[in-house]
Amino acid sequence: MPSLPKWIANGTEVLFSRMMHPVEVSQIDYLDDKLKRVRFFGDLRSASYIPGQVIEFRVNETEFRHYTPAHYDQEQGVCEVLFYLHDYGPGSQWAERLQVGDTTKLMGPGGKMQFQSEYQYHFIFGDESSLGLCRILKSAADAQHQEYLCLLELAQAHCHWPSLVDLQADIVTNTNQNPAQEAVRVLRDMQGKLWNTWQRATFYLTGRAKSIQAVRQALIKRGVGAKQIITFPYWADGKTGL
Ligand SMILES: Cc1cc2nc3c(=O)[nH]c(=O)nc-3n(C[C@H](O)[C@H](O)[C@H](O)COP(=O)(O)OP(=O)(O)OC[C@H]3O[C@@H](n4cnc5c(N)ncnc54)[C@H](O)[C@@H]3O)c2cc1C
């Protein structure tokens with residue numbers, strides 16, 4: 001529910017109060033100018049979480065935005081989010097304003113993007129907005145002694161961001177005109193034993209809708225089963241609040 005009239009947004013909070021968890025901002029780290037890690041603290045005992053699921057915040061009187069925990073500890077009541085501060089809309093601007101001591105409500109968690117523990121290999125595609133997802137799926141894969149591979153399409157100026165969050169990733173630079181062009185080439189170049197291994201993975205495709213579409217098509221072309229691919233657009237050109 002990205003955007004609602006104020007009175008419906010208020011009603012929604014009442015109606016779904018069981019899914020609304022009051023939290024306080026307990027720590028903030030600017031990892032880079034436009035990359036902000038925010039730690040929320042609260043009672044999350046009734047908010048169980050599967051890695052990959054999303055949460056939502058009300059970012060102003062009428063709008064809600066989705067985010068992915070990079071770290072979630074239900075028992076300790078801790079949830080961390082990596083915010084990409086692109087400054088294009090109210091979600092980004094709300095995240096920019098967050099300060100230690102602020103209170104808000106964490107909605108969820110929920111959603112179809114979930115770690116598939118029955119797979120040995122986990123292939124994550126995304127962009128700046130997917131760093132949190134990469135972090136939490138990496139932790140889940142590590143805990144199960146499974147393998148993960150992140151392929152991130154980033155702006156040139158952000159190519160060092162994965163290392164700021166202790167993440168190993170293959171990086172391609174984004175081009176506005178040809179979404180995922182380089183990522184598709186990387187996939188095409190995976191041959192032999194490497195491809196024989198990774199074609200059995202679960203593929204988690206996130207980030208820009210057009211890039212996801214291009215990567216999905218490339219995977220299907222290479223014989224990956226549709227059931228192995230989970231897609232979740234995090235943003236789309238010209239659209240607000242996915
Ligand atoms: C399931 C889900 C999980 C998400 N998890 C995270 C997360 O963990 N961290 C995070 O930072 N973001 C995450 N996002 C993306 C975040 O919700 C978007 O940044 C959000 O749409 C932007 O909200 P906004 O109000 O700032 O901009 P909007 O009002 O939604 O959009 C304004 C304009 O900005 C453009 N835009 C939006 N995002 C981007 C972008 N990344 N790059 C370029 N242009 C963009 C839109 O196309 C639109 O034209 C997630 C989104 C979804 C759907």
Open item on the list: From the list Glu13, Glu80, exactly one residue is more than 17 Å from Thr240 (Cβ to Cβ), in contact with a strand residue (DSSP E or B) (Cβ under 9 Å, 6 or more places away or on another chain) and away from the ligand (no atom under 16 Å from the Cβ). Which is it?
Closed with: Glu13
TODO: Looking only at region 1-47, count how many residues are touching a residue at least 40 places away in the same chain (Cβ under 8 Å) and not hydrophobic (A, V, I, L, M, F, W, C).
DONE: 17
- [ ] Within region 206-221, count every residue that is within 25 Å of Ala155 (Cα to Cα) and more than 12 Å from the ligand (Cβ to nearest atom).
- [x] 7
Open item on the list: With farther than 26 Å from Ala141 by Cβ, surrounded by fewer than 18 Cβ atoms within 10 Å (Cβ to Cβ) and touching a residue at least 12 places away in the same chain (Cβ under 8 Å) as the only criterion, which of Gly111, Gly89 stands out?
Closed with: Gly89
Task: Residue identified as at negative phi, away from the ligand (no atom under 16 Å from the Cβ) and part of a loop (DSSP other than H, G, I, E, B) among Val186, Val224 - done: Val224
TODO: Run down Ser139, Ser129 and say which single residue is within 16 Å of the ligand (Cβ to nearest atom), in contact (Cβ under 8 Å) with a residue 40 or more places away in the chain, touching a Phe, Trp or Tyr at 6+ places or on another chain (Cβ under 6 Å) and in a helix (DSSP H, G or I).
DONE: Ser129
TODO: Would you tally the residues in region 196-227 being among the hydrophobic types (A, V, I, L, M, F, W, C) and at pLDDT below 95?
DONE: 1
Task: Only one of Gln27, Gln99 that is over 18 Å from the mean Cα position of the chain (by Cα), over 28 Å from Trp7 (Cα atoms) and in the same structural domain as Gly11 (by TED's automatic domain parsing) - done: Gln27
Task: Exclusive hit being in contact with a Lys or Arg (Cβ under 7 Å, 6 or more places away or on another chain) and either within 13 Å of the ligand (Cβ to nearest atom) or over 28 Å from Gln168 (Cβ atoms) (or both), set Thr62, Thr68, Thr104 - done: Thr62
- [ ] Return yes when Pro51 is on the phi < 0 side of the Ramachandran plot, within 14 Å of the chain's Cα centre (by Cα) and not basic (Lys, Arg) and no when it is not.
- [x] yes
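The values are calculated or read from the model by the stated rules, or taken from the named source; none is laboratory data. Being a predicted model, the structure only gives us computed values, none of them experimental. Counting neighbours? That spans all protein chains shown, and the Cβs are built from the backbone with ideal geometry, glycine included.
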